[in-house]
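Quick notes on the structure that follows.
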């Protein structure tokens, strides 16, 4: 049994706003039509842990981080602004320099007390990520993304500018004029009430599971058909999880089950997105089968559907998704009977 999380106290200072130390443009920048779809209008909590640097000994880490955020906001000045909703629910960033929310805190606990490995779910997430009242939505809030956090880390280590300069250019992932859907996008199917799987989404257990190379080798040798020799480890795991999850949920045999794949739009050569682009660079695609088909067929059945969905992902597919989102009013992706899988190694 894993050791219980240590009991500790957190002392928090009053929330403050960190603003750019230099004047920045006051302007309105629209997000892309991929950015502002309904399914992405959420906040995702995460924790960044940094290795101790002996050269920083004696420096106040809070002040180092505070200064680094301020310097990074000069280059990423839209992130010091606020999201607004324009006509037809179009999300727009008002670049007004209001700043990002920051809370200085001190906890009487060390990482060593959390065990040998830190894996999701983080043992004391609620204590370390304080939810300031009124900050849980996305409208009238700033936006923070990984590339910006990397720039903060560089500034904290002494750089005067980020190694990758930010590029907005959200129009690259906008719908065409006029929009016209050319591909099939089952991830945005409209599902009638009562056709889904009745289980509470707020009662899901979070666990981290390590799958060893030998286990993956066994799965590949025993369950993967000969005509799929080039499938990746992630594809194999995805197919296995899709099958196991479907069996565990025990849906009706005719219930449609979806697996939504998160595809990287930065992979193309020549590139679709410019270097430094810091909008959402991923697009969803979907494999669909009935619960009976997934449960009764071997793993290779679902694996073929997953690979087919991945192969359909190209630049035309991306443009078609943007067109569909605009035509349908930026819908949420289908949640009923859906399992969403992403590979965070390529974020």
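Among the candidates 20, 25, the residue that is surrounded by 15 or more Cβ atoms within 10 Å (Cβ to Cβ) and more than 30 Å from residue 121 (Cα to Cα) is uniquely 20. Among the residues of the range 271-302, what is the count of those that are within 14 Å of residue 246 (Cα to Cα) and within 23 Å of the chain's Cα centre (by Cα)? Selection size over the range 271-302: 2.
For the range 152-188, a tally of residues being crowded, with 17+ Cβ neighbours inside 10 Å, in contact with a strand residue (DSSP E or B) (Cβ under 9 Å, 6 or more places away or on another chain) and part of a loop (DSSP other than H, G, I, E, B) returns 4. Here the condition is being in contact with a strand residue (DSSP E or B) (Cβ under 6 Å, 6 or more places away or on another chain) and either in contact (Cβ under 8 Å) with a residue 60 or more places away in the chain or within 30 Å of residue 157 (Cα to Cα) (or both); of 94, 57, 38, 14, it holds for 94 alone.
Criterion first (touching a helix residue (DSSP H, G or I) at 6+ places or on another chain (Cβ under 9 Å), outside any loop (DSSP other than H, G, I, E, B) and within 24 Å of residue 124 (Cα to Cα)) does residue 65 satisfy it? Considered against the rule, which asks whether it is touching a helix residue (DSSP H, G or I) at 6+ places or on another chain (Cβ under 9 Å), outside any loop (DSSP other than H, G, I, E, B) and within 24 Å of residue 124 (Cα to Cα), residue 65 comes out as yes. Scanning the range 238-264 for residues that are touching a helix residue (DSSP H, G or I) at 6+ places or on another chain (Cβ under 7 Å), more than 23 Å from residue 344 (Cβ to Cβ) and assigned to a helix (DSSP H, G or I) gives 246, 247. Scanning the range 297-319 turns up one or more residues that are surrounded by 17 or more Cβ atoms within 10 Å (Cβ to Cβ), within 18 Å of residue 31 (Cα to Cα) and either outside the structural domain of residue 232 (by TED's automatic domain parsing) or at pLDDT 95 or above (or both).
Looking only at the range 25-52, residues that are in contact with a helix residue (DSSP H, G or I) (Cβ under 9 Å, 6 or more places away or on another chain) and over 30 Å from residue 266 (Cα atoms) come to 0 in all.
The values are calculated or read from the model by the stated rules, or taken from the named source; none is laboratory data. Everything numeric in this text was worked out from a predicted model, so none of it was measured. Here the Cβ is made from the backbone with ideal geometry for all residues, glycine too, and neighbour counts use every protein chain on show.
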